[in-house]
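For reference, the structure discussed in these notes is given below.
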Amino acid sequence: MSHPWRREVLRERLRALELDALLVTDLLNLRYLTGFTGSNGALLVHADGDEASVFCTDGRYRTQSQHQVPDLRQLIERSCQLRLAKQATEVGIGRLGFESHVVTVDGHAALAKVTGAEVLVATSQPVEMLRLIKDDTEVAALRAACAAADTALAGLLAAGGLRPGRTEREVARDLEARMVAAGAAGPSFETIVATGVNSAVPHHRPTDAQLRVGDLLKMDFGALVEGYHSDMTRTVVLGAPAGWQRELYDLVAAAQAAGRGALRAGADVRDVDAAARDVITHAGYGEDFVHGLGHGVGLQIHEAPALSQFGVGTLAVGMAVTVEPGVYLTGRGGVRIEDTLVVSDGEPELLTLTTRDLVVVPC
């Protein structure tokens with residue numbers, strides 16, 4: 001298990017911030033640090049080590065927590081956040097960090113009543129900074145999630161599931177069922193299936209619109225495995241593509257290849273976005289690429305880093321990101337091609353393996 005190692009890395013950050021302990025209340029961060037998957041819990045990470053740290057949940061999760069968090073002292077209490085804060089003061093913690101991006105104003109007031117306001121130290125995203133870099137366990141889960149999505153799409157195509165007359169909703173539910181059959185716990189977000197003119201809507205929600213011969217069909221979907229999300233978009237054409245459809249697809253494919261090529265350790269996230277965006281802009285479609293190039297993926301479907309014109313920071317080995325340029329022509333159709341990749345020392349590891357060539361579905 002990598003959870004003790006993750007907590008030890010976090011302690012290095014706590015010591016650098018001169019904190020005696022950190023109160024972790026975000027449930028995804030709690031899962032990252034302990035493996036706990038319940039709906040109520042908190043963790044007091046002591047800078048001195050696990051021996052002084054305490055995990056808390058309520059009675060509903062007593063048995064579950066004993067199984068998932070066997071290596072930490074546990075408290076069973078409904079109001080975990082306040083109980084751990086009180087315990088921190090009882091053992092003499094003088095500087096207690098809290099997740100300031102998670103705790104509400106009312107929550108802070110309640111904590112201050114227990115600890116005294118002078119004890120509390122606002123600490124923004126200390127665990128999320130660790131989550132930027134995926135360890136081997138996380139990359140393995142991401143690989144499995146991407147494989148489930150690849151398998152689902154391959155099965156859908158082989159079964160003739162993309163045929164005129166089916167609705168966007170039917171295709172979406174079919175893809176989701178196939179991801180579960182391939183080992184996923186479920187979809188990692190609401191599946192996007194957009195046919196014809198709907199494909200020009202970046203985040204179109206499936207409707208009863210029917211697939212028709214000549215349509216561009218955009219599918220953006222992902223699988224959830226062990227809490228980790230995959231993300232992939234493929235655009236196909238039903239029947240022989242029109243000239244403009246193939247030209248648009250080739251343009252987005254070239255931009256996506258440029259974005260993947262710029263994905264390397266040390267690269268500024270804005271430069272990665274620009275590598276793909278410039279291809280589309282120079283072709284005269286800059287205003288039709290209306291979102292960032294990509295985003296981090298992990299325990300959340302959208303997490304840092306943001307690959308965009310407004311992103312901040314540089315890439316590092318172990319970051320998992322998407323590369324997903326798109327061009328959307330209102331009233332005609334749109335194309336997006338998206339992969340999930342992991343930054344490495346050399347070429348990034350490609351996790352979504354479905355072909356990026358234009359798939360022409362026989363009709």
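The numbers here are math on the coordinates, done by the rules we state, and not lab data. Everything numeric here is computed off the predicted structure, so don't read it as measured data. So basically every Cβ, Gly included, is an ideal-geometry build from the backbone, and we count neighbours across all protein chains shown.
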Residue that is surrounded by the fewest Cβ atoms within 10 Å (Cβ to Cβ) [pool: residues in region 21-38 that are outside any loop (DSSP other than H, G, I, E, B) and not hydrophobic (A, V, I, L, M, F, W, C)]: ARG31
1 or more residues closer than 12 Å to ARG336 by Cα: qualifying strands (runs of 3 or more DSSP E) within region 173-257: 192-195, 216-221, 232-238
Among residues of region 115-148, those that are buried (at least 18 other Cβ atoms within 10 Å of the Cβ), closer than 30 Å to ALA181 by Cα and in contact with a helix residue (DSSP H, G or I) (Cβ under 8 Å, 6 or more places away or on another chain), counted: 3
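Find the residue count for region 318-349, including only residues that are assigned to a loop (DSSP other than H, G, I, E, B) and touching an Asp or Glu at 6+ places or on another chain (Cβ under 6 Å).
Just the residues of region 318-349 that are assigned to a loop (DSSP other than H, G, I, E, B), to begin with: 318-319, 324-325, 330-332, 337, 343-348.
From what is left, the residues that are touching an Asp or Glu at 6+ places or on another chain (Cβ under 6 Å) are 324.
Number of matching residues: 1.
Let's see how each residue does on (1) crowded, with 20+ Cβ neighbours inside 10 Å; (2) in contact with a helix residue (DSSP H, G or I) (Cβ under 8 Å, 6 or more places away or on another chain):
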position: HIS3; (1), (2): no, yes
position: LEU19; (1), (2): yes, no
position: ASN40; (1), (2): no, yes
position: GLN74; (1), (2): no, yes
position: LYS86; (1), (2): no, yes
position: ARG95; (1), (2): no, no
Filter result for GLN66 (among the polar types (S, T, N, Q) and assigned to a strand (DSSP E or B)): no
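Please go through region 174-212 and pick out each residue that is among the β-branched types (Val, Ile, Thr) and under 23 Å from the mean Cα position of the chain (by Cα).
Looking only at region 174-212, we keep the residues that are among the β-branched types (Val, Ile, Thr), and these are 180, 191-193, 195, 197, 201, 207.
Scanning region 174-212 gives VAL180, THR191, ILE192, VAL193, VAL201.
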Index of the failed condition, ALA112 passing every other in (1) surrounded by 19 or more Cβ atoms within 10 Å (Cβ to Cβ); (2) assigned to a helix (DSSP H, G or I): (1)
Residue in region 89-98 that is part of a loop (DSSP other than H, G, I, E, B), within 22 Å of LEU120 (Cβ to Cβ) and free of Cβ contacts under 8 Å to residues at least 12 places away in the same chain present: yes
First in region 220-248 and at positive phi, second anywhere and surrounded by fewer than 24 Cβ atoms within 10 Å (Cβ to Cβ) and in a strand (DSSP E or B), Cβ under 9 Å, 6 or more apart: GLY239/VAL360; GLY239/VAL361
